[in-house]
1. Which pairs do you get when a residue that is within 17 Å of SER360 (Cβ to Cβ) and hydrophobic (A, V, I, L, M, F, W, C), found in region 17-44, comes within reach of a residue that is at pLDDT below 90 and surrounded by 13 or more Cβ atoms within 10 Å (Cβ to Cβ), reach meaning Cβ atoms under 8 angstrom, with the pair 6+ apart or on two chains?
2. Answer yes or no: is there a residue in region 336-355 that is closer than 15 Å to THR421 by Cβ and among the basic types (Lys, Arg).
3. Return the total of residues in region 335-360 being part of a loop (DSSP other than H, G, I, E, B) and either farther than 17 Å from ALA24 by Cα or within 16 Å of the ligand (Cβ to nearest atom) (or both).
4. From the list GLY242, GLY246, GLY260, which one is within 16 Å of the ligand (Cβ to nearest atom) and surrounded by fewer than 16 Cβ atoms within 10 Å (Cβ to Cβ)?
5. For LEU423, state whether it is outside any loop (DSSP other than H, G, I, E, B), over 17 Å from PHE367 (Cβ atoms) and modelled with pLDDT under 95.
6. Somewhere in region 410-427, is a residue within 16 Å of the ligand (Cβ to nearest atom), under 30 Å from ALA149 (Cα atoms), β-branched (Val, Ile, Thr) and crowded, with 18+ Cβ neighbours inside 10 Å?
7. Look through region 121-138, keep the residues that are without any contact (Cβ under 8 Å) to a residue 60 or more places away in the chain and surrounded by fewer than 20 Cβ atoms within 10 Å (Cβ to Cβ), and return whichever of them is farthest from the ligand (Cβ to nearest atom).
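The values are calculated or read from the model by the stated rules, or taken from the named source; none is laboratory data. Being a predicted model, the structure only gives us computed values, none of them experimental. Heads up, the Cβs are rebuilt from the backbone with ideal geometry, glycines too, and the neighbour counts pull from every protein chain shown.
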Amino acid sequence: MQPDTPNAAAPAGTAEPARARTGARAPTAPGRLPLVGHAPRLQRDALRFVRELRHHGPVTKIRIGPRPVHVVNSAELVREVLTVQARAFDKGAMFDALRVPLGDGLITAAGDRHLRHRRMMQPAFHHDRIGRYARVMSERALARSGAWASGTTVDLVPEIHRLTLDILLRTLFAEPQDPELHPAVKDWLSVKYHSMRLALSPLHAWAERLPLLPGWRPPDAGPLRRLVAVQRRIIGTYRADGRDRGDLLSMLLLAGGREGALSDTEVTDELITLFLAGTGTVSASLAWALHEVSRRPDVQRGIHDELDTVLGGSPPGFGHLPALTFTRQVLTEVLRLHPPSWLLMRRAVRPVVLGGVPLSPGAEVFFSPYALHHDPQPYGNPDRFDPERWPRDAAAKAPRHAYLPFGAGSRLCLGEDFAWTELTLALAAFLAHRRVTPDDSAPVRPLVGTVLRPDRLLLTAHARKP
Ligand code: HEM
C-alpha cells in the first residue's frame, strides 16, 4: 500500500478560504483543569493526547498552565505554517529560552540572522561533502557494533548514543582532536539535558515565575563556559592555517562570501546547535529501527538479503546508499512511526489566520509530526510497522506535509541528508554480520522528552554469515 496524497478532500487551507471564514474560534480540547489546563494530560500521556486532538477540529486550543496554545491538527494547515505563511511565524517562547543554554545557533535564530546562517552553513551539508563524512560514520558504526559479541544481550540505548556522539565529534572536528574536547562535551551534556528540559517544558511559563522550585533551578553555567573555551582554542588553530581539514568545522570557517565570515561566537553557537540537533535525534531513530527490525524477522530477512547482494561482504559505504532501497524504506517507516521530533512549535509574529481562526502576534502554535504520522487518513492501520507502505524506488518521496520527521520549509532540518546517510550506514553496520532478537522480559516504552526515544532496548546478537 502506498500513502495517498494527504487528505485530498480536506479544505485547501490556503490564505483565501481562511480569510473568508475569519473570526471562527478554535474549540478548546476537553479535559482542561483549573490552573494547570491540559498540562497533566501532556505529562501523563502526551502521544495519545496529541493524536486525539484531531477529533476536535483542524485547530484546537489547549492550555498549558497559564499559556494558551493553538494546536494545528491537519496536514494542510501545517503546510500553511511551515511554507505558505512561514514568514508570519518564528519559533516561539521556548526557543527564546533555549538561547541561554545553547547560544543563538540555527535552531533558535530568527529572521535575517537565520537566513544568513542557513546560507552559510548549507555547503557544509552538501551531498558531496557528506560523502566524506560517510567514511567516519561507517568506520565508527562497525567498530562499535563489532564490540557486541554474539550470544550477548545489551541495552543498545546508551551504546547508540555514544556512537552518534562519537560520529558527530569526528565529523565536526577532524583528528587529531584537542584532548580536552571529549571531557568538555561530556560535562556539558550532563547539564544540557537539564537546561533543555527546563526551556522546553510546557510548564516553562510557570517555572519562570517560580525559579526556586526544586528541580527547576537553572543549571550550572560552568560546563558551557568550558566547552566554549575549548571550541575557541580549536577555532584559533584552524584559523591560523586556513586549511580545509575535510570536516564540518572547516566548512563553517570557510563559509563567507559577500556576507562576511561567521565570527568565533557565531561558530561556537552553531557547533553547540549541531551537538544538540545531531545526536539525540539520530540515536533515537537508530534505536527505534533496531527495535522494529528485531521484532519482524521478515523485515530483517529483507535487509539481510539486500545487504548480502549490495555489500557483497565489504563494509557499507556512501557508494552503496542508492542501492540500499529496502533499508531506506524500513528507515522511512521507522521515522513515520517514531518521529524523534514528535512536537514542533511556532509563534505568530504578526496577525495571521489559520483555518479561519485569527491569531494575534505572540500566539503560540504547536503541531505534532507524531499525530500527523498516525492519522489513519492517509496512513491506513497507522500503528502497524509496515515498510511496504512506501514505494520501493522512491522511499524519500513521501507525502510532504503528512510526513514531517525533518520538518519542512525554510526551517527544514539542515542535517537531513547527513542523518539518512548515518542511519543507513549504521543500520547496515549493525545488521550485516548479525541477526538481532528482542529480550521480551524488558518491554520497550517510548520516553517522551525533547525527543521521542525508547527508554531502553535490550537486544541479543546472533552471528550470521553474509
Ligand atoms: C533522524 C535525525 C534527525 C531528525 C528526525 C531531525 C529533525 C529535525 C526537525 C524536525 C527540524 C525542524 C525543527 C522545526 O521546524 O522547528 C530540524 C532542524 C534542524 N536540524 Fe535536524 N534532525 C535530525 C538530524 C540532524 C542532524 C544529524 C543534524 C546535524 C548534524 C541536524 C541539524 C539540524 C539543524 C541545524 C536544524 C535547524 C534548521 C533551521 O532552523 O534552519 N539534524 N531537525
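1. Close Cβ pairs (under 8 Å, with a partner that is at pLDDT below 90 and surrounded by 13 or more Cβ atoms within 10 Å (Cβ to Cβ)) do not exist here.
2. Of the residues in region 336-355, the ones closer than 15 Å to THR421 by Cβ are none.
No, the conditions are met nowhere in region 336-355.
3. Of the residues in region 335-360, 8 are part of a loop (DSSP other than H, G, I, E, B) and either farther than 17 Å from ALA24 by Cα or within 16 Å of the ligand (Cβ to nearest atom) (or both).
4. Numbers: GLY242 fails: within 16 Å of the ligand (Cβ to nearest atom); GLY260 fails: within 16 Å of the ligand (Cβ to nearest atom).
Result: GLY246 is the single residue among GLY242, GLY246, GLY260 that is within 16 Å of the ligand (Cβ to nearest atom) and surrounded by fewer than 16 Cβ atoms within 10 Å (Cβ to Cβ).
5. Taking the combined requirement at face value, the residue does not satisfy it.
6. Yes: one or more hits.
7. For region 121-138, the residue satisfying everything is ASP128.
Listed here are the residues, each with its yes/no results for (1) closer than 29 Å to LEU249 by Cβ; (2) in contact with a Pro (Cβ under 7 Å, 6 or more places away or on another chain); (3) at pLDDT 90 or above; (4) not in a strand (DSSP E or B).
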{"residue": "THR60", "(1), (2), (3), (4)": "no, yes, yes, no"}
{"residue": "ARG63", "(1), (2), (3), (4)": "no, no, yes, no"}
{"residue": "HIS70", "(1), (2), (3), (4)": "no, no, yes, no"}
{"residue": "ARG79", "(1), (2), (3), (4)": "no, no, yes, yes"}
{"residue": "LEU98", "(1), (2), (3), (4)": "yes, no, no, yes"}
{"residue": "MET121", "(1), (2), (3), (4)": "yes, no, yes, yes"}
{"residue": "ILE130", "(1), (2), (3), (4)": "yes, no, yes, yes"}
